[in-house]
1. Cross-chain or 8 or more residues apart, Cα under 30 Å: how many lysine pairs in the chain fit that? Count them up, please.
2. Find the relative contact order for the stretch 27-146 and round it to a whole percent, using C-alpha pairs within less than 8 Å whose residues are 6+ positions apart.
3. By the scheme Lys and Arg +1, Asp and Glu -1, what is the net charge of all other residues having a beta-carbon under 10 Å from that of SER294?
4. What is the distance in Å between the Cα centres of the stretch 268-327 and the stretch 141-177?
5. Averaged per residue, what accessible surface does the stretch 60-119 expose to a 1.4 Å probe, in Å²?
6. Of all the Cα-Cα pairs you can form in the chain, what percent are over 35 Å apart?
7. Spin-label point model (7 Å from Cα, Cβ direction): what's the ARG152 to ALA295 distance in nm?
8. Volume per residue, Å³, of the convex hull around the alpha-carbon atoms of the stretch 255-327?
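The values are calculated or read from the model by the stated rules, or taken from the named source; none is laboratory data. Nothing here was measured: the structure is a model prediction, and the numbers come from that model. Cβ: placed from backbone, ideal geometry, glycine included. Neighbour counts: every protein chain shown. With ligands, DNA and RNA removed, areas are computed over all heavy atoms of the protein, side chains included. Shrake-Rupley method; radii C 1.70, N 1.55, O 1.52, S 1.80 Å.
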Amino acid sequence: MISRTYDAKRRLYRLAVLEEVKTFLFEYPNGLLLNVLPPEHHARMHIPGSHQACVFDLTFPEQMEKLAPDPETPIMVYGAGGSLDAAVATAKLLGLGYRNVRMWPGGLKTWYMAGFPLEGGNTSSLLEESLPPLSGEYKLQVLDGDIRWTGRNVHSTHYGHLFLKSGFLYFQNGLNGTEGTGEIIADMGSIANEDLAGSPWQRVLLAHLASEDFFHSTLYPEARLRISRFFPLPDSLHRENSGRPDHLLRGEAVIRGRAQRIDIPAILRRSTDGFTLTLRVDLDRTRWGVLYGSAKFFRCLGKHKVDDLISLEARLVFTKGEKSSAV
């Protein structure tokens, strides 16, 4: 065998190479060629003869007990390639008492690039390339998301949500790849509070937020985000799926009838029929004429002082479809 032997907590495993994977099942007919990716990825693409047990699943030990009840079973572990999945699975297998483990770090990526046969429902491209580029119009699914808000004053923090009304994003090729334009509308009359639930002060706070002191929602029932450019950040490939913003949304926010330029970092997550955006931003409310309790404009506020920044977090779900007629 072409391999190197390592000692992990006094239990041996082998770091395998491509040629070993090709001949593993021939040399070990009772061995287990183990794909440790989630089942949907295994169904799409796997090395012929593979079994699957997801290393990210809490039932991984139980899955392995069914697949290989004998701790002496020869096991060849692989994952996506260029990923820690196989290494983590190997460590777990050693911890479970398996004593004949081989880890192949090359994974599906190396197997695919070498041109070797694959099985599954879609073996024509790598897993990361399974989704087509964003193009055309995507409609905001208003019932699947909302906007969370947090405001603060000297004595307390209040938080709640407001609902989305309509929106769309339209994608086409730009100078730096696929870029989007569009609009998102929020219902300012839907502002809700959560931290004062059950308290008589909840109604007082909501009336205050709806009044001229804050958002004057009777006169300005909508807030709009006009998106002039939605584009990936320069190192978005390294940021993707990391939990860090990988796109930037640039445009104008219209609140209380006043438009102000704004940049909002965004996390984009693709799906088969669209995508989800997570936005997080701190807005200085005074830019939109919301001045109540601001120390920048008033003195001697005492207990009436309110922080200028309002923290917003939005979860926006878009699916492929026609542009909403409401926008």
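1. Total qualifying Lys-Lys pairs in the chain comes to 17.
2. Relative contact order of the stretch 27-146: 28 percent.
3. So the surrounding residues net to 0.
4. The two parts, judged by their Cα centres, are 6 Å apart.
5. Per-residue accessible area for the stretch 60-119 comes out at 45 Å².
6. Beyond 35 Å sits 44 percent of the P(r) for the chain.
7. It works out to 1.2 nm between the two label points.
8. Measuring per residue, one finds 115 Å³ for the Cα hull of the stretch 255-327.
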